[in-house]
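Enquirer: Shown below is the structure under consideration.
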Amino acid sequence: LTQQLIEMIQQHRPEIVLAGATALGRALTPRVAAALPTGLSADCIDLEIDAEKRLLLQTKPTFGGNIMAIITCPKARPQMATVRPHVFSRHEPDSRRKGEIVKLDFNRERITSRTKLLDFVAEITETVRIEEADVIIAGGRGLEKAENFEMLDELASVMGAAVGATRAAVDEGWTTYSHQIGQTGKTVCPRLYIAVGISGALQHVVGMQTSECIVAINEDPNAPIFEVATYGIVGDLFQVVPLLTEKLKKR
């Protein structure tokens with residue numbers, strides 16, 4: 001597969017090659033970039049075009065998610081990047097813009113691999129998967145201990161939502177890694193994201209900032225999470241969340 005993609009790129013000479021930052025994309029694109037050779041920016045959260053310089057501006061978190069770096073590849077082609085799923089909002093189709101789809105021959109007989117799929121076991125869960133959820137309730141360090149995540153579980157049950165968490169909460173052992181949202185976890189784009197006791201560190205925000213509506217609950221009015229929130233509630237989460245759950249149960 002790698003060699004066929006390399007040959008396609010060499011034949012058609014595209015300016016830019018993009019791939020999803022999935023298991024396949026992360027395994028395939030570095031090998032292609034190294035063979036061409038060209039540069040590759042992995043796990044980008046934003047892409048822009050500098051039309052004048054014909055450059056792809058590739059934005060990704062760095063230094064533990066503390067800063068955003070804009071990376072360019074001015075001396076080699078193609079410019080390659082992988083993009084994390086759900087980092088871009090879905091836009092309505094624009095009929096004024098046209099693109100040409102070129103179908104290329106693909107020789108399956110040339111695909112060789114020492115890896116064999118022996119079985120596929122679906123993950124069994126009683127709750128909604130955060131990658132597929134329309135509503136996510138996420139908790140951070142402000143919850144103080146694992147037992148307090150039960151508040152979020154109860155609210156999620158009422159709303160039909162999934163429960164997420166920050167890296168800090170996962171590192172504390174309050175919940176499992178499968179719930180982690182952010183640079184080192186999952187990237188989500190639900191219709192509603194409720195951030196409970198989350199300060200708004202950059203490494204978390206990059207994983208949820210494209211949510212359609214963000215509601216932040218935090219007792220610190222200066223918390224960075226309010227900068228990306230659609231609505232903010234400044235208050236004690238231990239009072240706000242139970243009250244919200246009670247009100248929703250009565251509806």
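The values are calculated or read from the model by the stated rules, or taken from the named source; none is laboratory data. Predicted model only: the values in this text are computed from it and were never measured. Every residue, glycine among them, receives a Cβ derived from its backbone with ideal geometry; neighbour counts consider all protein chains shown.
Enquirer: Out of the strands (runs of 3 or more DSSP E) lying entirely within the stretch 176-236, which hold 3 or more residues that are modelled with pLDDT of 90 or more and within 10 Å of ALA138 (Cβ to Cβ)?
Expert: 192-196
Enquirer: Would you please list the contacts, defined by Cβ atoms under 9 Å and residues six or more apart or on different chains, that run from a residue in the stretch 195-206 that is without any contact (Cβ under 8 Å) to a residue 60 or more places away in the chain and more than 17 Å from LEU152 (Cβ to Cβ) to a residue that is among the charged types (D, E, K, R) and not in a strand (DSSP E or B)?
Expert: Close Cβ pairs (under 9 Å, with a partner that is among the charged types (D, E, K, R) and not in a strand (DSSP E or B)) amount to GLY200/GLU227; VAL205/GLU227.
Enquirer: Just checking, how many residues over the stretch 67-102 are farther than 24 Å from CYS189 by Cβ and either in contact (Cβ under 8 Å) with a residue 24 or more places away in the chain or of a type in the set (A, V, I, L, M, F, W, C) (or both)?
Expert: Number of matching residues: 7.
Enquirer: Here's a follow-up. Can you tell me which residues in the stretch 19-38 are closer than 14 Å to THR187 by Cβ and among the hydroxyl-bearing types (Ser, Thr, Tyr)?
Expert: The answer is THR22, and nothing else.
Enquirer: A further question follows. Return the residue satisfying two criteria in turn: it lies in the stretch 129-147 and is touching a helix residue (DSSP H, G or I) at 6+ places or on another chain (Cβ under 8 Å) and assigned to a loop (DSSP other than H, G, I, E, B), and of such residues it is modelled with the lowest pLDDT.
Expert: The qualifying residue modelled with the lowest pLDDT is ILE130.
Enquirer: Sticking with this structure for a sec: Determine, yes or no, whether GLY65 is closer than 27 Å to ALA229 by Cα, modelled with pLDDT of 80 or more and touching a helix residue (DSSP H, G or I) at 6+ places or on another chain (Cβ under 8 Å). Explain how you work it out, then say what you get.
Expert: Values: closer than 27 Å to ALA229 by Cα: yes; modelled with pLDDT of 80 or more: no; touching a helix residue (DSSP H, G or I) at 6+ places or on another chain (Cβ under 8 Å): yes.
No, not satisfied.
Enquirer: A follow-up question, please. For residues that are of a type outside the set (A, V, I, L, M, F, W, C) and either buried (at least 20 other Cβ atoms within 10 Å of the Cβ) or touching a Cys at 6+ places or on another chain (Cβ under 7 Å) (or both), tally how many sit in the stretch 210-237.
Expert: Quick first cut of the stretch 210-237, residues of a type outside the set (A, V, I, L, M, F, W, C) only: 210-212, 218-222, 224, 227, 230-232, 235-236.
Still in the running and either buried (at least 20 other Cβ atoms within 10 Å of the Cβ) or touching a Cys at 6+ places or on another chain (Cβ under 7 Å) (or both): 210-211, 218, 230.
Residues meeting the conditions: 4.
Enquirer: Out of the strands (runs of 3 or more DSSP E) lying entirely within the stretch 1-114, which hold 1 or more residues that are surrounded by fewer than 13 Cβ atoms within 10 Å (Cβ to Cβ)? Show your work before the answer.
Expert: Numbers: elements: 16-20, 40-44, 46-50, 55-62, 67-71, 79-83.
Correct list: 46-50, 55-62, 67-71.
Enquirer: Just give me the residues in the stretch 151-168 being within 21 Å of THR62 (Cα to Cα) and touching a Lys or Arg at 6+ places or on another chain (Cβ under 8 Å), in sequence order. Walk me through how you get there before you give the answer.
Expert: Start the filter on the stretch 151-168 by keeping residues that are within 21 Å of THR62 (Cα to Cα), which leaves 165-168.
Within the stretch 151-168, THR166, ALA168 qualify.
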